[in-house]
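To keep things clear, I will list the structure first and then write my remarks on it.
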Amino acid sequence: MTSTPTTEPAPPQIFPPTLREVMLRPRWIALLAFSLVVAGVLAWLGQWQLGRAVDTAPPEPGLTEVVQPLADVVTPGDYLPEPLVGQRVETSGTWVASDFIVVSSRFNNDVQGYWVTGQLRVSGTTTPTSIAVATGWTSSLDQANAAADELRAQAEADPAAVVDVTGRLISDEGASIPPANADPLTLVKMSPAMLLGRWHDTQGLDVYRQYIASQTAIGPLDAIASPAPDERSRVNWLNIFYAAEWAIFAGFALYLWYRLARDAWEKEVEDLEDEQSEALAAGAAESRD
């Protein structure tokens, strides 16, 4: 009578979890909640950026050509809002005789030349207040210096004379370095901040960050060519680009959660398959022994 060889029972089959089962575990639900919060914040930022991309109340066409009092447009020390750059304004005051300064690299209809600028002490203010004024243009440096001397002499002869100025309000062009081998005091940018460093009697003085380009020549100069600014578009494409970026970041926050959960599921499935393969191999080896 022959005996039947005994065989080891096969290891129990283990079914790996599904991706859905892994995602429903408390750890991944908590991480999903955090990802949703992050995505919500990023989506809100995108919506906020998009809301700023379209100007729902743009300035009326031609508004910059309506002359307004300087004090109604901007206050000393404040920056000029973009819609008001190039706004025509009017003001009055007295010249500070010692502060007529020539600025080079000024163009009139593509012709390079010079401006003569002055410090206008604005009338009707509670504290001393000044604004830089570009009085006119000339193509000759000698003529510019002569005009500055003449304006200086007129102001010294009657320092209390009140002058009315009407022109475009323009923002500071920023500081600059004089060209090589030029006089270190040469100004090639119209910068009230730089002019302030050369003005006199500035103790306790309020100063406008902007300057006025006079619409009519003051003194023996030519009028400054100052056309109306281009109408501003209602759509800010840069803000739209930023809004799209925030939306992409929000989507990426959710995708990152999905990718991490899927990676964890794939690793768990691979580990179970490896364990099952090892168990089968070990059972086969024992049966041979």
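The values are calculated or read from the model by the stated rules, or taken from the named source; none is laboratory data. No experiment lies behind these values; they were computed from the predicted model shown. Cβ atoms come from the backbone with ideal geometry, glycine included; neighbour counts cover every protein chain shown. Side chains included, ligands, DNA and RNA excluded: accessible areas come from the protein's heavy atoms. Shrake-Rupley method; radii C 1.70, N 1.55, O 1.52, S 1.80 Å.
Karplus-derived 3J(HN,Hα) values for the range 19-24, using 6.51 cos²θ - 1.76 cosθ + 1.60 with θ = phi - 60°, are 4, 5, 5, 5, 5, 8 Hz; glycine and proline are entered as x. Of the solvent-accessible surface of the range 71-110, computed with a 1.4 Å probe over protein heavy atoms with every protein chain present, carbon and sulfur atoms account for 47 percent. Of the residues E275, E173, ranked by 1.4 Å probe accessible area with the largest first, the sequence reads E275, E173. Springs between Cα atoms under 10 Å define the GNM used for the chain, and in it the highest mean-square fluctuation of G77, G167, G93 occurs at G77. Of the residues P83, P220, P178, the one that moves most in a GNM of the chain with alpha-carbon contacts below 10 Å is P178. Summed over the residues of the chain and divided among them, the accessible surface reaches 61 Å² per residue at a probe radius of 1.4 Å.
Two-decimal Rg/Rh of the range 65-214 from alpha-carbon positions, Kirkwood Rh? In the range 65-214, Rg relative to Rh is 0.94.
Using only alpha carbon pairs under 8 Å that are at least six residues apart, calculate the relative contact order of the chain and give it in whole percent. Relative contact order of the chain: 27 percent. Relative to the dominant Cα principal axis of the chain, helix 141-157 is inclined by about 60°. Summarising the amide proton neighbourhood of G113: residues at separation of 5 or more, or on other chains, whose placed amide H is nearer than 5 Å comprise S105, R106, F107, N108. Note on L24 and F107: the model spin-label points, each 7 Å out from Cα along the C-beta direction, lie 7.0 nm apart. Considering the values (i) -0.79, -1.20; (ii) -0.85, -1.26; (iii) -0.57, -1.22, which represents log10 I(q)/I(0) by the Debye sum over Cα atoms at q = 0.11, 0.16 Å⁻¹ as calculated for the structure under consideration? Only one listed value fits the structure, namely (i). Relative to the longest principal axis of the chain, what angle (0 to 90°, nearest 10) does the C-alpha long axis of helix 237-288 take? The helix 237-288 is inclined about 20 degrees to the chain.
Helix 26-53 axis versus longest C-alpha principal axis of the chain: approximately 20°, rounded to the nearest ten.
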